Amino acid sequence: MSRAHIGRFFVCTQLLCAAALFAGASCNGSEPAPPPAQTVGPKPDGKPATPADAPNPTAAAAGRDDTTVHRLPPHPDEGSTGNATQQDATGGRPLKHTDTLKDTDIARPATKKNQTSVVAQLLAAVRDPKIGDEGAHNKLREAKKLGATVRERAKAANARGESLFATPPRAAGFFEWARATDKRFPDATFNLAKLAANSGDINQVKTLLTEVADRGGKRLLRTIEFDPTFALVANDSEVQELK
């Protein structure tokens, strides 16, 4: 037999064997073996590689689940009001299990800055002549409760009296109030001296100007010679000594 015949015989034999193997696998219904599990490349520390999808043995030993958990965002209507109120009550920080909230924590009193703003508004209203006298006194009382100082309230009452100079009885009432409220405030007493000068009561003017000096109102007394209101007493020796 020639070499050509031997070669053809060998090729045919190989083809027949391959066909027989394929037919046997189809008849038995077996499936090709799955590919081997993908492994991680060699580690720098020399430890054997582990399959990429194998569980973490360290996490399993510690009782920890490394599975990624995807949490849905909270519903907009779910506890929004209560959580916001509680965070406000704790100063904006997250609540702890040791936190206890009281009813007074939910609505805290106004801060010092807010109180100062409210006091300023009340005192500004006192100076407004469009507000009635009783309303002005009420606002002075409210300002006192919110921490307005004696000098602040005296200045507001004195300013209101100055806006009411056209009605001396009303003006005098607020000058007297400021004078009695702040024993060291000279301006209200000085304005009472003006009202006394307008009425021609020289003795009362001298008495009130003496009180102005005692309250440290030298600055006010130096204006007497330029103020026509005090023309009757400007050159009086007793008044001159007060300056």
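Under the simplified labelling scheme, the Arg222-Phe165 pair shows an inter-label distance of 2.1 nm, with each label point 7 Å from Cα along Cα→Cβ.
In order along segment 142-156, phi translates into HN-Hα couplings of 5, 5, 5, 5, 8, x, 5, 6, 4, 5, 4, 6, 5, 5, 5 Hz, rounded to whole numbers, per the Karplus curve 6.51 cos²θ - 1.76 cosθ + 1.60 with θ = phi - 60° and x for Gly and Pro.
Annotation for Arg141 and Glu241: the two label points, set 7 Å from Cα along the Cα-Cβ direction, are 4.4 nm apart. In terms of packing, defined here as the mean over residues of other Cβ atoms within 10 angstrom, the peptides 212-219, 171-178 line up highest first as 171-178, 212-219.
Distance from a point 7 Å along Cα→Cβ of Arg184 to each backbone N in segment 137-156: keep the residues under 20 Å and list them by number. Residues passing the 20 Å test: 144, 147-156.
Electrostatic bookkeeping for Ala193 treats Lys and Arg as +1 and Asp and Glu as -1; over the other residues with beta carbon under 9 Å from its beta carbon, the sum is +1.
All of the numbers you see were taken from the coordinates with simple rules; none came from a lab. It should be emphasised that the depicted structure is a prediction, and the values quoted were computed from it without experimental measurement. For neighbour counting, all protein chains shown are included, and Cβ atoms are generated from backbone atoms with ideal geometry for every residue, glycine included.
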